[in-house]
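To start, the structure itself, in C-alpha cells.
The values are calculated or read from the model by the stated rules, or taken from the named source; none is laboratory data. Since we're looking at a predicted model, the values are computed, not measured. Ideal geometry is used to build each Cβ from the backbone, glycine not excepted, and the neighbour counts take in all protein chains shown. Note: areas computed on protein heavy atoms with side chains; ligands, DNA, RNA excluded. Shrake-Rupley method; radii C 1.70, N 1.55, O 1.52, S 1.80 Å.
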Amino acid sequence: QSVAEKPADRELAFALLTYALEPHVWDQANTSLSTADGDTAGNGLSQIGKFEEARLWYERGITEGERSNVDSEVDHQNLGTRLHQVGYCLSSVGKFVEAQTWFERAVAEKEKVDKDHANHDSLGKSMDYVGWCLSNVGKLKEAQSWFERAVAEKQKGYQGAVNHVNVGMSLHQVGVCLSSVNEFELARPWFERAVGEKGKGDLQGRVDQDNMARSLHQVGIC
C-alpha cells in the first residue's frame, strides 16, 4: 500500500520486490488475501512498472468477482475497474489489441451499474482507453467514436460533480483523430472546446496550465 502511495520511494519499492510477486504463491500459503488486498498489490506493482506481475493480481480479483452466481451480488463497478486495470497493464507494454478487449469488457461491466450510482467519469475513462488502443493501431475513425462517447459520459459526472479536465482530455483526443487525417477545420472546434473545459479545472477547481496549453497549441496548428 505504501508503494502505491509513494511509487518514487526506492526503498519501499525494493522492499516490495523482496516478496513473492505471484498471487498463487500467496494463495497456496493460505494467507486469506481479500480481493481488495489483491487490488492493492496490483496497484503497487503497476506504479513501479511491474505490469505483468500486477496484471496477475487484477485477474485474480476478476475471477473472485465473477464467482457469484447471483447478479445482484456482483459489484459491477469494482469488477469493471479490475478489467480496466488488466487492459492498462497490457497497453503499458504495447499490447494494444489484447488490451482493447479488456477495456471493452470494462465498459460493458461499468454500464451495468445502477444509474443512480453510475460513475460516468470512470466509464468514460475506459471508453478513452478503447479509443487509445484503436488509435495506436491506426484505426482513427473507430477511435474517434469512442472518444466522442467518452465525452458524453464524462459530461454526466459522478454524484453531480463533473471533472472538466477529464472531459477536456477526451475532447482533445477527438481533435487528434481528426487532425491526424488532415481534417483541420473539423478538428479545431474540438480543441477549442477542450481548452474551454480544461480551463474550468478538475473536481477541486485546479487548472493544469500545461495541459490546457497543449490544446491551445493544437488550435494554432489547425
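In table form, for the structure just shown:
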| quantity | calculated |
| --- | --- |
| Considering residues of region 172-202 that are in contact (Cβ under 8 Å) with a residue 40 or more places away in the chain and in contact with a Gly (Cβ under 9 Å, 6 or more places away or on another chain) only, the residue least open to solvent (accessible area, probe 1.4 Å) | CYS177 |
| Test result for VAL107, under 24 Å from GLY38 (Cβ atoms) and out of contact with any Lys or Arg (no Cβ under 7 Å at 6 or more places or on another chain) | yes |
| Of residues in region 20-44 being within 27 Å of the chain's Cα centre (by Cα) and of a type in the set (A, V, I, L, M), the one nearest to THR81 (Cα to Cα) | ALA36 |
| Checking LEU90 against (1) open to solvent by 30 Å² or more (accessible area, probe 1.4 Å); (2) closer than 26 Å to TRP132 by Cα; (3) in contact with a helix residue (DSSP H, G or I) (Cβ under 8 Å, 6 or more places away or on another chain), the condition it does not meet | (1) |
| Region 93-107 - residue that is open to solvent by 40 Å² or more (accessible area, probe 1.4 Å) and β-branched (Val, Ile, Thr) and, of those, nearest to ASN43 (Cα to Cα) | VAL93 |
| Filtered residues of region 1-19 (kept if over 23 Å from the mean Cα position of the chain (by Cα), in a loop (DSSP other than H, G, I, E, B) and loosely packed, with under 11 Cβ neighbours inside 10 Å) | THR18, TYR19 |
| Lone unmet requirement of (1) crowded, with 18+ Cβ neighbours inside 10 Å; (2) over 19 Å from THR101 (Cβ atoms) for SER122 | (2) |
| Cβ-Cβ under 6 Å pairs, at least 6 apart or on other chains, region 1-20 side without any contact (Cβ under 8 Å) to a residue 24 or more places away in the chain and aromatic (Phe, Trp, Tyr), far side open to solvent by less than 60 Å² (accessible area, probe 1.4 Å) and part of a loop (DSSP other than H, G, I, E, B) | none |
